Each structure stands twice: as structure tokens, then as C-alpha cells.
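So the structure is just underneath, and the comments pick up after that.
Laboratory data are not the source of any read-out in this text; all were calculated from the coordinates shown. What you see is a predicted model, and the numbers here were worked out from it, not measured in a lab. Because the Cβ atoms are built from the backbone with ideal geometry, glycine has one as well, and the counts that use them run over all protein chains shown.
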Amino acid sequence: MSPTYLLKICTVGAASVGKTSIIIRYSTGTFREHYSPTLGTGFAYKKMKLGNNFVNAQIWDLGSQDFLERVRANYYIGTQGVIFMFDVTSWESLNAVLDWKNEVDRHVDDYQSVLVANKIDLVDERVISEPEGIELAKKLGMDYIEVSVLLDKNVNEAFELISTRICETFV
Amino acid sequence: MTGHSIEAILITDMNGNPRFYMQLDPRAFGMDPVLASSFFAAIDMFSKEVFQQSAPVFTVDYGAHLFTVLNGEATHMIAVGVQRLNTEITAILNALLTEFEEKWLLATELLDIDASFSDVYLEPFGERVMEKLSFEDLPDSWVPYFTVDPSTIVDTSGTMEPFINGSRNVKEILDVSGFAKRDLLLEISRMWAHRVIRFRNMLSFDDYVGSKTSFLKYLQATSRETEDMKKQYPEMVGVIPRLAGLLEGRRTVREMLVELGESYDEREILRVLDYLLEREVIEALSPEKRRILLAKEVLETSLRVADECLSEGEATKALTTVMGRSDTPETLGQLRVTDNKWHVDFDLKLLEGLNNRRLMLLFGEWMKLLAQFAALLDPTKLDQFIVRMTEAFTERIFTRFTPFDLRGFEEYPLWLEQLGAHKISPVRRIKTGSLKPTGNDSIDEIVYTLVTRGQGIYGTERMTRVCAASGVPLMELPPDFWVGWQKEESQEKFLKEYSKLGNAAKLTVLIMTRQRGLTLPKTMSP
């Protein structure tokens, strides 16, 4: 019988890049129209099959505000995978990825990571191109994927990608 | 008109010339004619840049509106609204665009680019639009009236005309005529397509109304606007200055009527509001602005409660520290000192012209201010602060705001819970058992959120005890095990048990049940 892996994945990134929305979309299939900053930590899970393995992905949605760093520190423990998110319409959110990487590095020793570019549906407002996103991912040693939470494009793929990377470390 | 959120439709040819324009939402005054110029400017911009795209449908965020653009063979259709359109509505628009190109395009006149939108119209096609996108609802209080002599109307069935007299509202028309509401809606949609009908009294009693910068002209005795009003409606001239002080965007129509009820007749006040609304110098707050108002109200309440609960100057110190950490002009610019105390300025003018996305971010900024302010208060007085805030919510906030306004606001009490939990236990795994985030069942969602976030705040052990005390299973169960009355009973009990975790937990339960329109267990009612 195939093993069932329990994975702990955290989503981090600048405010309003869509961290809560991607988790809601992934775990419930719905899209949250309104924005509200997460003041603490949200949580979702989903069971999936990856190849021959069954996976129970526990996804932690960490609030991004500066004053929450002390709170976040408590939730990084045991993290195996991190989704770094940015918004393709915001340079600030891309530049913040480096700070987020530093924060995660301070709290987690060994983890897999994916850089997720969200809001690709906002075609005319987009300021960060795919090559620019890929370049940063390469520099940071991460996989890269572009998603639209609104249009439900590549959302499952993003979580499958990070889960696959984590499972690969078990072999 | 709940089936879609389209305010207006514009069809242009490939050169950007308007070929058809129709306002679909009677409340969308903004499109005709004031916004028209900026709208045309946007179209001009589109024709050069955006229309080059290969995508058949795309959305452009333009100021306070979203433009959904559908590319046809010979024309473009632009649907204007504040929300993204779903696939069903997009399919209807596509079908209408195809019909327009095949059947009506040749019948339209090529007008000059400077022509008024109202000139670019084709009644038969307008009727087709209203057949497909008819009014799905009209508020009972709206008063339809004819813009032409009803005896000259030949394009409608004529059955409704005798009942529309310019003073009967929708409900009264239904009562008097005996028509089914659907029939009334279809007939009024038809009249709307033929542009023979408009509406008064479009504000709901629960609408928050605020003035815009341009309203000031109506407070100047010598302005052209006041002169025009004097000629047309001299009786309104005296009402407007009295109304002005109530139009700060913090009062509902109902509250204004109460305030001025002794001096003026209710219908007179509503007519003045209609007049000002039609001229776009006042506005009913959009859903996003209502959320901002809610956050501001809660901050103002926090300041007053903190003044009462804490030692002198502590609230001021906390707020100034929070302000020092923020760099958002739209929030900082609305915090004012009066009589040595900080207050929130509720004026709406600062938000004029901001798009929905920016408004959402500003809501987030107000939430940040709220959270940081609470975090800086004396921890030994925090519980007292939360008790007083809960009283304020039940007495004032819940009575003035709708469940829809409270979307996302559970973050605030959850944060208060976090602050009150003193020591945060590091959590490695969250127990969920058979609980699932479904996204559609209200009570399931609340229990799931509280069980999972509760573990983050109070630790898994404590939440396991809460679940055990209420019968919410934190283990994997077969799907038919935890169902029916047993599930309902344990979920209700869970809310009670969760509330016992502290005063902030109680506030969280109050807000989350209110958001979803659920009735609280009797023993928990405020």
C-alpha cells in the first residue's frame, strides 16, 4: 500500500498578493472577492494523489504584516515547503520576496520552495514579465510558476509542484 | 438588477467611433454625461493599446470602474461595471455583440466622436439588450416616472402605464395593479429600453450617503448650480444647507430622515437627495467604501473606549506610535486632533476617484491600524477594553452595518484573541479530523475556522478539549457518522464552548455568526 505523507506548507509574501485567496481557491474551489489582511494565521488542507503517493497537504497562511513576525515565528516549526508569492502588477511585492526568503531562512533549516507569480489575469497592469520572475526564482534556487487565482489557472499545479518537491526529498 | 453588475454597455467600431450606448443600471448616473468624457478618453487609449490584444475578452481596471472588453468581428463591446463578469453574463454579451454586428450595425448612424452618448442609441437593439439582461429586481421603494407623456408611448404593452403616476413606488404599484413582480420587471425593462421611464427614491434607507467635492457648489448662494436649482426647484434651496452637515458619509438615509424629520417632510428630503444624486454631487457608499467606514467606525470606537478604560494619554500614545509606523496618506490624513484627543475624520472626499483595488488595500490599512493600536494597549487592561468593544459592537456596529459589510472583519477579533492568549504555543500540525473548508456551508465554515485558527492561538491541546466538550470530532470519521441533529447540536455547543475561551473569543463568534446571518444560541445572545 502506498504511504500517505503529511506535508506542512507555508505561504508567504507581501500584503495583498493573494496568499489567503490561493489557499481558499485550492482547498474549496471558490474565489474570495474581498480583501482582508490575515491578522494571524489561516489554515487549510487538501488531500491529493501524487504518482503512487497519497499526500495530505497542510497549508499555513501566514499574515504578512511587519508586526506579525513574532507571531509567524511560532508557525514555521516543522515547515517542509514554502510558497513565496508575489503579484505581477507590483514591483514592491517582487522585491519583498528576498526579505521573505531571509525571514524563512532564519526560522526553517531545510525546506523546498516555489516562487508563485499571481494575478496574471491583470494583463494590462502587469509590470513583471515571466522572464523577470524566472530570473529571480533561478537566483533564489526555486521553481517558478505563474497563476491566476481569479481564473483558477495553475493553482492546483502550484501546490502539486511544491508537494512533489517535498516528496522527492523522502526518496 | 442582481443577475449582473453591468452599469452600461458601449459598442464602438474598429476606429473607436461609438455605435451604441446604453445605461443598464438606473443608479449608474456616472456614465451620462459626466463620466462620458473620461470614458471616451479611455476608449481612445484602448483603441491604441489594449485592443491590440488577441484575447477575445479581457478586463481593464479604469479608475473606479472595470471595463470588460469583448472583441467582435467589426466592433468592440465594452461593459462597464465595478465587478468582474461571470462566464454566463459574458456569453450573453457575446451573443448580443454578434447579433448587433449581423443585424443592427448597418442601421446605426456614424456619429461624430464628440457626440453625446445618449445620441448613440438604437431602440430595437436596446430592447433586445433588456430582454436578455432585464431588471431582475427593483427595490420596493423606487418610484418610477415617465419622461414623456405616457399616452404617446406605443412600443410597450400599455398595461402598466395607468399605475405609474410618479408618486407610487414599486411596492404600491404591485399592490394596486395586482401584477406579478416578474411581469412588472419585464414591462419596466421594456420601458427602460425605450427610454420613457426613470426612477426616483433610489436610495435605500440603509444606504450611507456622503457628499463629493462638487457638492460645495450647492452651498454657494451665487453659484450657477444654486441659481439653476432656484429656478427649477426653489423649495429645495433651503433644505440643502441643513442636509449638508449630515452628508459626511457616516450617516444612513434613515438617520438623516430622523434628524431632519421635524423640520421637513420625508418625501421632500428624499427628493432633494435624489436631485443631488442625479447630479452626482452625493453618493451612496459602495460596498468597499462601506467596509472602510466600518473599520473607521471601529477605530473611532477603540479610541473612545481606550480613553475610558486606560490611563490618560495612553490611547494617544498608542495611536501616535501606530501612525509613526504607517506611510499611507489616505489613512494618516484622516486622523485628526480635536481638544487634545485623536479622532477619525469620516469625510469621503479623500476616496474620490480611487479604484476598487485601492479601496480594498485601504480597508487593509485601516485594519492594520486597528490591530496595531490594540497591540499597544496595556495588556492588563486589554480584557476590559475587549468587553467594552463587544458592547459597542452589539449596541452600535451590528445595528448599523449589514452582514455583507462584515466580510473579512473576523480578523480583528481573532487578533484580539491572539493578543489575549499571552503565550503562543509553537504549533507543528493542525488537527482537523473530518472537518473541511467547504466554502459554502456557513456553520461548517465557522467551526472549521475556529477549530483550526483556535489551535494556532490557544494550542492544539486546549482546542481538543473544546471540541471534546462539544462533541465536535477531531478524528477521521466515515461521512455518514457525524450528521443531522447530532452534528447541529454539537456545532451549536461548540460555539458556546469556544466563547468560554475569553471575551475576545466571544466577540469572534458574535462577528462570524452575524456575518453569515446565523442565529446565536440563546445562552450566548448579547
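Roughly how many nanometres apart are two label points built 7 Å out from the Cα toward the Cβ at residue B:327 and residue B:477?
Placing both labels 7 Å along Cα→Cβ, they lie 5.2 nm apart.
What is the Cα radius of gyration of the protein assembly as shown over 2.2 N^0.38 Å, N being its residue count?
Normalised Rg, Cα atoms only: 1.04.
Given R₀ = 41 Å, what would the calculated FRET efficiency be for residue B:176 paired with residue B:280, taking r from the Cβ atoms and rounding to 0.05? Present the calculation step by step, with values, prior to reporting the outcome.
Working: r = 33 Å, r/R0 = 0.79.
Rounded to the nearest 0.05, the efficiency is 0.80.
If you line up the long axis of helix B:36-48 against the longest principal axis of chain B, both from Cα atoms, how many degrees apart are they, to the nearest 10?
The angle comes out near 90 degrees.
At q = 0.15, 0.20 Å⁻¹, what log₁₀ I(q)/I(0) does region B:221-346 have when each alpha carbon counts as one equal point scatterer in the Debye sum?
Listed by q, the Debye log ratios stand at -0.84, -1.11.
Starting from the Cα of residue B:132, step 7 Å along the direction of its Cβ; do the same at residue B:396; then give the gap between the two resulting points in nm.
Result for the modelled spin labels: 4.9 nm.
Return one number: the angle in degrees, 0 to 90 and rounded to the nearest 10, between the long axis of the Cα atoms of helix B:123-132 and the longest principal axis of the Cα atoms of chain B.
Its long axis makes an angle of about 30 degrees.
Could you calculate the FRET efficiency of residue B:428 with residue B:358 from 1/(1 + (r/R0)^6), where r is the beta carbon distance between them and R0 is 25 Å, rounded to 0.05?
0.05
With everything on Cα atoms, drop me the angle between helix B:382-392 and the longest principal axis of chain B, reported from 0 to 90° to the nearest 10.
Helix B:382-392 sits at roughly 40 degrees to that axis.
Treating the Cα atoms of region B:143-200 as identical point scatterers in vacuum, please give the log10 of the normalised Debye intensity I(q)/I(0) at q = 0.24 Å⁻¹, two decimals.
Normalising to I(0) and taking log10 leaves -0.97.
Can you pull out the trypsin sites (Lys or Arg not before Pro) in region B:447-510 whose DSSP state is coil and whose Cβ has at most 14 other Cβ atoms within 10 Å?
Hits after loop and neighbour filter: B:500.
Show me the three semi-axes of the equivalent ellipsoid for chain B, from the C-alpha gyration tensor (sqrt of 5 times each eigenvalue), largest first, rounded to whole Å.
Details: eigenvalues 424, 179, 118 Å².
Over the Cα atoms of chain B, the ellipsoid semi-axes are 46, 30, 24 Å.
Suppose a student asked you for the relative contact order of chain B, using Cα pairs under 8 Å spaced at least 6 residues apart; what percent would you report? Walk me through the intermediate numbers first.
Numbers: 671 pairs, mean separation 54.1, N = 526.
With pairs under 8 Å counted, the relative contact order is 10 percent.
Please list the equivalent ellipsoid semi-axes of region B:442-524, computed as the square roots of five times the alpha-carbon gyration tensor eigenvalues, in descending order and whole angstrom.
19, 16, 11
Semi-axes, largest first, in whole Å: what does sqrt of 5 times each Cα gyration tensor eigenvalue give for chain A?
23, 18, 17
By its C-alpha gyration tensor, with a ≥ b ≥ c as the square roots of the eigenvalues, how is region B:441-482 shaped: rounded for a/c under 1.5, else prolate for a/b larger than b/c, else oblate?
Taking the square roots of the gyration eigenvalues as a ≥ b ≥ c, region B:441-482 is oblate.
Counting other Cβ atoms within 10 Å of each Cβ, which GluC sites (Glu not before Pro) in region B:200-278 have at most 16 and sit in a DSSP loop? Show your work: numbers first, answer last.
Working: sites: B:225, B:227, B:235, B:248, B:255, B:259, B:262, B:266, B:268, B:278; in loops: B:262.
Listed in order of number, the matching sites are B:262.
Of B:484, B:199, B:121, which is farthest along the charge dipole of chain B in the positive direction, counting Lys and Arg as +1 and Asp and Glu as -1 at C-beta?
Towards the positive end, the residue furthest out is B:484.
Using a ≥ b ≥ c from the Cα gyration tensor of region B:208-284 (square roots of the eigenvalues), is it rounded, prolate or oblate, where a/c under 1.5 gives rounded and otherwise the larger of a/b and b/c decides, a/b for prolate?
Judged from the Cα gyration tensor, region B:208-284 comes out oblate (a/c at least 1.5, b/c at or above a/b).
When all C-alpha to C-alpha distances in region B:193-244 are sorted into bins of 5 Å, what percent of pairs does each bin hold, rounded to whole numbers?
That works out to 4, 16, 20, 20, 18, 14, 7, 1, in percent per bin.
Given an 8 Å cut-off on Cα distances and at least 6 residues of separation, report the relative contact order of region B:442-524 as a percent.
Once normalised by length, the contact order is 28 percent.
Hey, what D do you get for region B:287-409 in µm²/s if you plug the Kirkwood alpha-carbon radius into Stokes-Einstein at 10 °C and 1.306 mPa s?
So the translational diffusion coefficient is about 107 µm²/s.
Just from the alpha-carbon atoms, what are the Rg and Dmax of region A:83-148 in angstroms?
11.7, 39
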